[in-house]
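Here's the structure, in structure tokens; my notes come after.
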Amino acid sequence: MKTDPSKLRANAEWRARHREAHLARRRARHAERMADPEYVARRKDLRDARKAEKRAYDRAYRAANPERMRENDRRKVQANPAVYLAIRNNYKHRRRTIESRGIESAMLAAWTAEQPKECFYCGSECAESFHVDHFVPLSRGGAHVLTNLRIACAPCNLRKNAKMPNEFMAEIARATSTPAMVG
């Protein structure tokens, strides 16, 4: 059943004429819903249930629209330069502090060169594109030392993020339906 184009045009014209009143009603309805704890809980459950789907959609969108994403990032930085400068400086400071207590860059480069380029987690060959992963994440108290480093493929390292090794291995085991190997 198609809607008559003249009705669609009339509806659009009405919305244009009554835009402010319409927006005010929508804001009021939203505020009323957000005051209802049951509604908020349902929204949270739905958001949690769709988290993986949303993450996959966002990843695909970013890959399909890299220029648009760069432009969005530029706009955010221009709108809030002080915030982004603080974030960048904080990250650099934390990284320098951690590295000052750990191994030197030359030692890391030598270690990386001698390691087989095979992902520690999934076993895939990753000679072209590999990450050096902190087995116990720095954010979870891991040290920036050779014994805490592993070669990982980009997908595994990005998926592991700041998870502890046993958490990530359990996640891999669920995904592949094979027993997890904890190192």
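Just so it is clear, none of the values below were taken in a lab; they were calculated from the coordinates. Computed from a predicted model, the values in this text were never measured in an experiment. As a convention, Cβ positions derive from the backbone with ideal geometry for all residues, glycine included, and neighbour counts pool all protein chains shown.
If R0 equals 30 Å, the separation of the Cβ atoms of ARG43 and ASN65 corresponds to a calculated FRET efficiency of about 0.65.
Please count, across the stretch 36-164, the pairs of lysine residues with Cα atoms under 21 Å apart that sit 8 or more places apart or on different chains. The result is 7. Shape verdict for the stretch 67-171, please, from the Cα gyration tensor: rounded (a/c under 1.5), prolate (a/b greater than b/c) or oblate. Cα axes put the stretch 67-171 in the prolate bin. With everything on Cα atoms, drop me the angle between helix 19-34 and the longest principal axis of the chain, reported from 0 to 90° to the nearest 10. Tilt relative to the chain: about 50 degrees. Helix 37-49 and the longest principal axis of the Cα set of the chain meet at an angle near 50°.
The spacing between the stretch 113-136 and the stretch 1-78, judged by their C-alpha centroids, is 40 Å. Helical content of the chain, expressed as a calculated mean residue ellipticity at 222 nm, amounts to -20500 deg cm²/dmol (DSSP H runs of 4 or more residues, -39,500 (n - 2.57) each, divided by residue number, nearest 500).
Taking Cα atoms only, the orientation of helix 105-114 departs from the longest principal axis of the chain by about 80 degrees.
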